[in-house]
Amino acid sequence: MILIETIINNLKINYIKKGEGKTVLIIPGWGTTIDTYITLINSISSYSCVYCLDMPGFGKSAELKNSWNVDDYVSFIINFIKDQNIKELDLIGHSNGGRIIIKLMSKKLDFKVNKIILIGSAGIVHKKSISKKIKIKIYKICKKILKIKLINFIFPNLLLKLKNNFGSEDYRNASPIMRETLVKLVNEDLREFLPNIKVPTLLIWGANDTETPISGAEIMEKLIPDAGLIKVENCSHYVFLEQPYYVNKIIDTFLNGENK
């Protein structure tokens, strides 16, 4: 496995390239690194040339200089593919990586995408429960009160504590720029872009995924013209780590089935 550095969008990016044959690019989810996908990389590299990268702000790649939205990530991935002089490939996206792929497929591309695999993909914004709406309303009221100069002077760290208590684990662990980025990402619903995916698409989901619920996968299966969904029982958001042999076999069959 070769660890390499390159510059994409003026950021130092760490990535790996392993194996020979047709090209497969794995786009990681939020907060994960190349190491998270080693079992996938090792399996796919036995029959393909696989790339995987540390996304900006994670692993050994540089952090963003300003907050990004989904389109910024799409531009980044397109530039990475161009940087590697890749003309044809298959795409695998986990979580936020899937979100990027969904929107990427609505762009005019200078390279050919043959097949797509979305694993616990983000991209569907679900309706908020009553309790969630109440929690958000309380947060906004408290935030407004704590921004009053006198209150902020008396309780200087209270606003930060409030954000940490109300935010998700990903949000709490992120820097200010990455927090702004995360907010932009999670609030953009991409279902309108799903019909633009015109290539065979495999959806792999843990049946117990709470980060990107299975209901989102069912919406994707319905709206993507040539999509199939595989639900893996007793698995969560990291189904490829919980059932590596099964998931790797499914991926192998999907990517190479017609050639065997």
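Rule-based calculations on the coordinates, nothing more; no lab input. Keep in mind that what you see is a predicted model, and the values were worked out from it rather than measured. All Cβ positions, glycine included, derive from the backbone under ideal geometry; neighbour counts span all protein chains shown.
Summed over the stretch 91-113, the residues that are touching a Lys or Arg at 6+ places or on another chain (Cβ under 8 Å) and either buried (at least 24 other Cβ atoms within 10 Å of the Cβ) or of a type in the set (A, V, I, L, M) (or both) give a count of 3. Taking the stretch 172-230 as the range and being hydrophobic (A, V, I, L, M, F, W, C) and under 20 Å from Gly31 (Cα atoms) as the test, the residues that pass are Ala174, Ile177, Met178, Leu182, Val183, Leu185, Val186, Ile204, Trp205. Being loosely packed, with under 15 Cβ neighbours inside 10 Å and either among the acidic types (Asp, Glu) or within 18 Å of the chain's Cα centre (by Cα) (or both) is a condition met by at least one residue of the stretch 233-255.
Would you confirm whether or not the stretch 204-219 contains a residue that is loosely packed, with under 15 Cβ neighbours inside 10 Å, part of a loop (DSSP other than H, G, I, E, B) and of a type in the set (D, E, K, R)? Checked against the condition, which is being loosely packed, with under 15 Cβ neighbours inside 10 Å, part of a loop (DSSP other than H, G, I, E, B) and of a type in the set (D, E, K, R), the stretch 204-219 yields no hits at all.
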